[in-house]
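Written below as structure tokens is the structure these notes are about.
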Amino acid sequence: MSSTTPAQDIADLIARCALRDRSAFRTLYERTSAKLFGVTLRILKDRSEAEEAIQEVYVKIWQRADRYVAGDTSPISWLVAVARNHSLDILRARRPVSEDIDVALEIPDSGPSPERATQDSQEKRQIEHCLERLEPDRAGAVRGAYLDGYSYEELATRYAVPLNTMRTWLRRSLIKLRECLTA
Amino acid sequence: MSTSDDIKGGHEDPNALVAEYVLGLLPTHEHERVGRLIENDPALRAERDFWTSRFAALNVEYAETPVPAHLYAAIEARAFGDRIGSKSKVSFWDSLALWRGLAAGALAVAVAAVGFNLVQPRFDADQMAVQLVAALQAQEGSGVEFLAVYDQAQGQVRITSLKGEAIPDRDFELWYINGDQPAVSMGVIPVHQRLEIPLDAATQANIGPGTVLAVTLEQTGGSPTGVAQGPIVAVGSAIPI
């Protein structure tokens, strides 16, 4: 039995990948690929695309292992983020160029900075708790955006509301969510 | 489209904007722009990390799914294969490890191919005709990229350069490779110009999904021996569209 936690093990494997330890890469793959494949499958919703994406994801992990900073994010969250962002990049590249002009182009002062990250289990309970305080449709839209990578257009279709209504919903929901998460 | 009034519902809140960025809701251009703003601002980076870690609590909902076993060899070849070429420029054309890497590297082209598919006319009337596309991506920082389309009905490969410049006193030469077999030349190809290469029946029979196309830098007129002598500058694998 190992005396370290699974998270420490994963962080250690990532660090060894940064040092070009190929056996560590294999072990990291064996431990984490099923989870990351779940991410690419759910977002891309196509098995062969997800299989291609998972390969690119692990090549990226090998190439960028040195960018993982232990302590900022849990190691498995970092790996999931690599897989999720890669899948979203694929979706985004496929979408037609949007004519959006309504994104705030200047970012004003962001106010007080968020609290330091807390424990994973606590965060899970907390985000569930805060999502439950939103109207069910809106909570569902936030989940769909995160877990499935749905665009505003897809969300508007799924919830049968106009695009701008969906944008307004989402943005207001995110503000409420933040208030709840930092309360 | 929209006026600014009906989206006033909070779009000026920078924290919501960062959350939209983390969720991936912003259109490509804005996503990249906001990403750069975040990189350059510690407060926004903290905000990004806040959302990333809070949403990560939902990751338990991603169902673990085993990856097909055969994929790992391709991943390893591609991840580790890159380093072989950079160590030995002279011999890497002959390296077995490189060939393994090529086959795996070819898997990276899907995204480019999907994009290309959108602008390529489809022949619905003849669904049986095989069409393949290969994005030949730059190797070793060559900065040279090509896109090749093979249309079986027309018996030709069309190739066009996407990036890169001609090199004085050198020519680019196109090759196809199947598995462990030796590379076969398809001739010298120009930069900044589309080229149609008619294929004989034997060559047509040899090109299919998974065939690797590679471009090497050769002496003017191409390799005199029929065997590639120069470095690979671009490579990609043919996939059906």
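The values are calculated or read from the model by the stated rules, or taken from the named source; none is laboratory data. In this text the structure is predicted, and so the values were computed from the model without any measurement. Reconstructed Cβ throughout: ideal geometry from the backbone, glycine too, with neighbour counts over all protein chains shown.
Being over 18 Å from A:His86 (Cα atoms), in contact with a helix residue (DSSP H, G or I) (Cβ under 6 Å, 6 or more places away or on another chain) and part of a helix (DSSP H, G or I) is the filter here, so list the residues in segment A:132-153 that pass it.
Within segment A:132-153, A:Arg138, A:Ala139, A:Ala141, A:Val142, A:Tyr152 qualify.
Go through segment B:171-208 and give me each residue that's over 18 Å from B:Ile239 (Cα atoms), among the polar types (S, T, N, Q) and assigned to a loop (DSSP other than H, G, I, E, B).
Result: B:Gln181, B:Gln193.
Limited to segment A:22-43, what total is found for residues that are among the small types (Gly, Ala, Ser) and buried (at least 22 other Cβ atoms within 10 Å of the Cβ)? Explain how you work it out, then say what you get.
Here is the first cut: in segment A:22-43, the residues among the small types (Gly, Ala, Ser) are A:23-24, A:33-34, A:38.
This time we only want the ones that are buried (at least 22 other Cβ atoms within 10 Å of the Cβ), so: A:33, A:38.
Counting residues in segment A:22-43 that are among the small types (Gly, Ala, Ser) and buried (at least 22 other Cβ atoms within 10 Å of the Cβ) gives 2.
Select from segment A:135-171 the residues that are touching a residue at least 24 places away in the same chain (Cβ under 8 Å), basic (Lys, Arg) and within 7 Å of chain B (Cβ to nearest Cβ) and list them in ascending order.
Correct list: A:Arg167 only.
Residue by residue, here is whether (1) in contact with a strand residue (DSSP E or B) (Cβ under 7 Å, 6 or more places away or on another chain); (2) within 20 Å of A:Glu49 (Cα to Cα) holds:
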position: B:Glu32; (1), (2): no, no
position: B:Ala46; (1), (2): no, no
position: B:Thr52; (1), (2): yes, no
position: B:Thr65; (1), (2): no, yes
position: B:Arg78; (1), (2): no, yes
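Can you report the number of residues in segment A:128-183 which are crowded, with 21+ Cβ neighbours inside 10 Å and β-branched (Val, Ile, Thr)?
1
Give me a count of the residues in segment B:175-216 that are without any contact (Cβ under 8 Å) to a residue 24 or more places away in the chain and acidic (Asp, Glu).
Count: 1.
Only one of B:Val67, B:Val90, B:Val34 is at pLDDT 90 or above and more than 7 Å from chain A (Cβ to nearest Cβ); which? Break it down into steps so the answer makes sense when it comes.
On the way: B:Val67 fails: more than 7 Å from chain A (Cβ to nearest Cβ); B:Val90 fails: at pLDDT 90 or above.
Result: B:Val34 is the single residue among B:Val67, B:Val90, B:Val34 that is at pLDDT 90 or above and more than 7 Å from chain A (Cβ to nearest Cβ).
Somewhere in segment B:179-186, is a residue at pLDDT 85 or above and either in contact with a Pro (Cβ under 7 Å, 6 or more places away or on another chain) or farther than 14 Å from B:Ala134 by Cβ (or both)? Don't jump to the end; show me each part of the working.
Applying the first criterion (at pLDDT 85 or above) to segment B:179-186 yields B:184-186.
Those still in the list that are either in contact with a Pro (Cβ under 7 Å, 6 or more places away or on another chain) or farther than 14 Å from B:Ala134 by Cβ (or both) too: B:184-185.
The answer is yes; a qualifying residue exists.
From the set of residues in segment B:38-59 that are more than 7 Å from chain A (Cβ to nearest Cβ) and in a helix (DSSP H, G or I), which is surrounded by the most Cβ atoms within 10 Å (Cβ to Cβ)? Quick ask: steps written out before the conclusion?
As a first pass, look at segment B:38-59 and keep what is more than 7 Å from chain A (Cβ to nearest Cβ): B:38-42, B:45, B:48, B:51.
Among the residues that remain, those that are also in a helix (DSSP H, G or I) are: B:38-39, B:42, B:45, B:48, B:51.
Numbers: B:Ile38: 21, B:Glu39: 11, B:Pro42: 10, B:Arg45: 16, B:Arg48: 20, B:Trp51: 23.
Across segment B:38-59, the extreme among qualifying residues is B:Trp51.
Kindly indicate whether A:Asp100 is modelled with pLDDT of 80 or more and surrounded by 13 or more Cβ atoms within 10 Å (Cβ to Cβ). If you could, list the steps in order and put the result at the bottom.
Values: modelled with pLDDT of 80 or more: no; surrounded by 13 or more Cβ atoms within 10 Å (Cβ to Cβ): yes.
In short, no.
Does B:Leu213 satisfy the condition of being surrounded by 15 or more Cβ atoms within 10 Å (Cβ to Cβ) and under 22 Å from the mean Cα position of the chain (by Cα)? I'd like the intermediate steps shown before the answer.
Working: surrounded by 15 or more Cβ atoms within 10 Å (Cβ to Cβ): yes; under 22 Å from the mean Cα position of the chain (by Cα): yes.
Criteria met by B:Leu213.
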